[in-house]
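A short write-up of the structure that comes next.
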Amino acid sequence: MEKEKIVEILNKDLQDEHGAIIQYLSHAYAMGEGEMACEIEATAREEMRHLDWLAETIVELGGKPSLKRGTMRMGGKTVPEWMQNDVSLEEGAISQYQEHIKMIDDPKIKRLLKRILADEQAHRKDFMHFVDKSKKEGTTDHRGSRKDSVTKMLNWGIEHEYTVILQYLFHSYMAPDPEDKKQFEDQAINEMQHLGWLAEELVDGGGNPKIEHKAPDQSTQTSKMLEADIKIEKEVAEAYDKAAKEVEDKGLKELLQRIRDNEIYHMDVFKDLLELEEEQMGLRNVDQLPDSGG
Ligand SMILES: [Fe+2]
Ligand SMILES: [Fe+2]
Ligand SMILES: [Fe+2]
């Protein structure tokens, strides 16, 4: 099979992993704090590892990881219905991986897909168990319909965090330098924490998180990536600072200040990397001068 075709197949799987992550996180946040919500968040983290493995494989094949969100099943009025939707999503993933394992000849990629398939089969069982458990325990939807400036601000934060998670993951996959890669990934993980904090805060306060994103920067040149990332961190640090000053609740104020300080840290990390990158670009340019050999 041609590389382009394999990339296309793996990108379909990657998009569906993305959909699964958002579906499971939405359910976990909406259920409020509790053991089941924690277990579902852990499942979403396993899907993130799948997404990571698929993206790295796509890059190895010379492709670009897709940032589109694939199949989701978000209907259902009660928690057992949501859990049933999660079972169905896993069933769809299982048959798709089985089909893709048959189609792909490359032994290493086949092995990877089988590895992922085994996880999906375990997840399907977990969610079947959660259908019963949520019925037995009477788990309910904890979201409310509060709509005011605070819930609006929290949903703005969620939208921002989701956008930069995608942006930094994409940059980590496309950056050639290992230190750049590591930093992009580290900051993406920190933005995932922010997303979780904001969504939980929103549900606790009687709101309803909307997990949507804006268009992430998809530069493929390191200096362009870093410039875009510094710009967005600067804007958002200022916005969190302003929001922290405006809210009255002490706990929320502290949360926003903590996130703001993290964003300032991200900005400084990216600035250092850009400086290094520019130095190296300068050196590369000197190397290329015709008379530089002396
Ligand atoms: Fe998965
Ligand atoms: Fe953040
Ligand atoms: Fe940030």
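We did not get these values from a lab; they are worked out from the coordinates using the rules stated. Just so you know, these numbers come straight off a predicted model, no measurement behind them. Glycine gets a Cβ as well: all are built from the backbone with ideal geometry, and neighbour counts include every protein chain shown.
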(message) As a test of understanding, state the convex hull volume per residue of segment 3-137 from its alpha carbons, in Å³.
(response) 88
(request) Kindly put Val7, Val247, Val286 in sequence by how many other C-beta atoms sit within 10 Å of each C-beta, fewest to most. (result) Val286, Val247, Val7
(message) Relative to 2.2 N^0.38 Å, what does the C-alpha radius of gyration of segment 149-288 come to as a ratio? Two decimals please.
(response) 1.14
(request) Just report the Cα centroid separation between segment 150-198 and segment 206-236, whole Å. (result) 7
(request) Quickly work out the Asp132-to-Lys147 label distance, labels modelled 7 Å from Cα along the C-beta direction, and quote it in nm with one decimal. (result) 4.1
(message) I'd like the trypsin sites (Lys or Arg not before Pro) in segment 159-222 restricted to DSSP loop residues with at most 15 other Cβ atoms within 10 Å, sorted by number.
(response) Lys210, Lys214
(message) Beyond a 21 Å Cα-Cα separation, which of these cross-linked pairs lie in this structure: Lys210/Lys250; Lys231/Lys253; Lys3/Lys108?
(response) Lys210/Lys250; Lys231/Lys253
(message) Helix check for the chain. Which DSSP H runs span at least 20 Å along their own axis by Cα, with a mean Kyte-Doolittle hydropathy no less than 1.0?
(response) none
(message) Per residue, how big is the convex hull of segment 124-217 when only Cα atoms are used? Give it in Å³.
(response) 126
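So what is the calculated 222 nm ellipticity per residue for the chain, using -39500 (n - 2.57) for each DSSP H run with n of 4 or more, over all residues, to the nearest 500 deg cm²/dmol?
After summing the helix terms and dividing by residue count, I get -27500 deg cm²/dmol.
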(request) Return the loop-located GluC sites (Glu not before Pro) in segment 197-294 (DSSP other than H, G, I, E, B) with at most 13 other Cβ atoms within 10 Å of their own Cβ; answer none if there are none. (result) Glu212, Glu248
(message) Assuming 0.36 nm per residue, please report the length gained on full extension of the stretch Glu8 to Lys250 beyond their Cα-Cα distance.
(response) 82.3 nm
(request) Write out the GluC sites (Glu not before Pro) in segment 1-44 meeting two conditions: DSSP loop, and at most 14 other Cβ atoms within 10 Å of their Cβ. (result) Glu2, Glu33
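Take every Cα-Cα pair in the chain and report what % of them are more than 24 Å apart.
57
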(message) Please rank Met74, Met174, Met83, fewest neighbouring Cβ atoms within 10 Å first, as an exposure proxy.
(response) Met74, Met174, Met83
